[in-house]
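K.L.:
Quick one: structure below, then a few questions.
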Amino acid sequence: MAIFVGCNSTPTKDDFSSKEETTETPSATTTENGNPSYDPKRGEGKFTKVEVGATLDAAMATSGEKVFSVKCSSCHKTTEEKLVGPGWKGVTARHTPEWIMNFITNTDEMINKDPAAQAQLEICLVRMPNQSLTDDDARHLLEFMRKNDGVK
């Protein structure tokens with residue numbers, strides 16, 4: 001599984017959006033597939049609000065690590081180092097939980113529409129394949145990413 005901004009790119013101000021911004025109410029406008037209108041902080045997909053705790057859910061993170069080992073580790077490292085796709089270190093500081101969840105579960109549309117995902121594709125040169133992960137798998141991966149980024 002591939003993810004996000006990294007690949008020795010220079011982060012921009014938008015890459016460091018605060019988590020408080022994720023509580024905004026999405027626009028009432030929806031796309032033809034029923035998803036809310038596009039928002040670059042949220043990305044393209046069904047996730048409009050993802051609740052993450054101030055502390056880590058250890059069981060969820062452990063489950064996410066197993067998903068990472070099976071689906072993601074062949075292309076990603078948990079450091080800043082690029083393998084095939086970008087390293088995961090710091091990804092939860094660069095993107096909102098909603099953006100991450102939408103990217104994991106709606107990869108093709110995110111790459112087609114999201115400027116950050118498109119910029120990453122230009123750097124990594126390999127389009128992340130859709131891993132067909134469940135919403136639960138994606139949420140567990142997000143929690144593993146948070147653990148990897150130092151959330152206790």
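The values are calculated or read from the model by the stated rules, or taken from the named source; none is laboratory data. Quick caveat: nothing in here was measured; it's all calculated off a predicted structure. Methodologically, a virtual Cβ is constructed for each residue, glycine included, from the backbone with ideal geometry; neighbour enumeration extends over all protein chains shown.
K.L.:
Looking at Glu143, is it of a type in the set (Asp, Glu), in contact (Cβ under 8 Å) with a residue 12 or more places away in the chain, touching a helix residue (DSSP H, G or I) at 6+ places or on another chain (Cβ under 7 Å) and part of a helix (DSSP H, G or I)?
P.N.:
Yes.
K.L.:
Let me ask something else about it. Examine the range 92-109 for a residue that is within 15 Å of Glu143 (Cβ to Cβ) and assigned to a loop (DSSP other than H, G, I, E, B), and state whether such a residue exists.
P.N.:
yes
K.L.:
Still on this structure, I have one more. Quick one: is Asn106 within 22 Å of Thr48 (Cβ to Cβ), of a type in the set (S, T, N, Q) and touching a helix residue (DSSP H, G or I) at 6+ places or on another chain (Cβ under 9 Å)?
P.N.:
No; evaluated as a whole, the condition is false for this residue.
K.L.:
Given the structure, is Glu51 of a type in the set (Asp, Glu) and under 17 Å from Thr105 (Cα atoms)? Talk me through it step by step, then tell me what you get.
P.N.:
Numbers: of a type in the set (Asp, Glu): yes; under 17 Å from Thr105 (Cα atoms): yes.
For Glu51, the condition - of a type in the set (Asp, Glu) and under 17 Å from Thr105 (Cα atoms) - is met.
K.L.:
If you go through the range 89-111 one residue at a time, how many are in contact with a strand residue (DSSP E or B) (Cβ under 9 Å, 6 or more places away or on another chain) and of a type in the set (D, E, K, R)? Talk me through it step by step, then tell me what you get.
P.N.:
Residues of the range 89-111 that are in contact with a strand residue (DSSP E or B) (Cβ under 9 Å, 6 or more places away or on another chain), as a first pass: 95-96, 98-103, 106, 109-110.
From what's left, of a type in the set (D, E, K, R): 98, 109.
Number satisfying all stated conditions: 2.
K.L.:
Among the listed residues Val91, Val52, which satisfies the condition of being more than 21 Å from Leu121 (Cβ to Cβ), among the β-branched types (Val, Ile, Thr) and either more than 13 Å from the chain's Cα centre (by Cα) or modelled with pLDDT of 95 or more (or both)?
P.N.:
Val52
K.L.:
Considering only residues that are of a type in the set (D, E, K, R) and out of contact with any Gly (no Cβ under 7 Å at 6 or more places or on another chain), which ones fall in the range 77-104?
P.N.:
Lys89, Arg94
K.L.:
Follow-up. What is the residue count in the range 113-134 for residues that are assigned to a helix (DSSP H, G or I), touching a residue at least 40 places away in the same chain (Cβ under 8 Å) and surrounded by fewer than 18 Cβ atoms within 10 Å (Cβ to Cβ)?
P.N.:
So the count comes out to 4.
K.L.:
Quickly run through the range 97-112 and pick out the residues that are touching a Phe, Trp or Tyr at 6+ places or on another chain (Cβ under 7 Å) and either farther than 18 Å from Gly64 by Cα or surrounded by fewer than 20 Cβ atoms within 10 Å (Cβ to Cβ) (or both).
P.N.:
If the condition is that a residue be touching a Phe, Trp or Tyr at 6+ places or on another chain (Cβ under 7 Å) and either farther than 18 Å from Gly64 by Cα or surrounded by fewer than 20 Cβ atoms within 10 Å (Cβ to Cβ) (or both), then Met110 is the only one that fits.
K.L.:
Consider only pairs whose beta carbons are under 6 Å apart and that are at least six residues apart or on different chains; among these, list those whose first residue lies in the range 66-82 and is closer than 11 Å to Gln131 by Cβ and whose second residue is of a type outside the set (S, T, N, Q) and part of a loop (DSSP other than H, G, I, E, B).
P.N.:
Lys71/Met1; Cys72/Met1; Cys75/Ala2; Cys75/Leu83; Cys75/Val84; Cys75/Gly85
K.L.:
Can I ask one more? Would you mind telling me which numbered condition in (1) touching a strand residue (DSSP E or B) at 6+ places or on another chain (Cβ under 6 Å); (2) in a loop (DSSP other than H, G, I, E, B) Pro86 fails?
P.N.:
Of (1) touching a strand residue (DSSP E or B) at 6+ places or on another chain (Cβ under 6 Å); (2) in a loop (DSSP other than H, G, I, E, B), only one is false for Pro86: (1).
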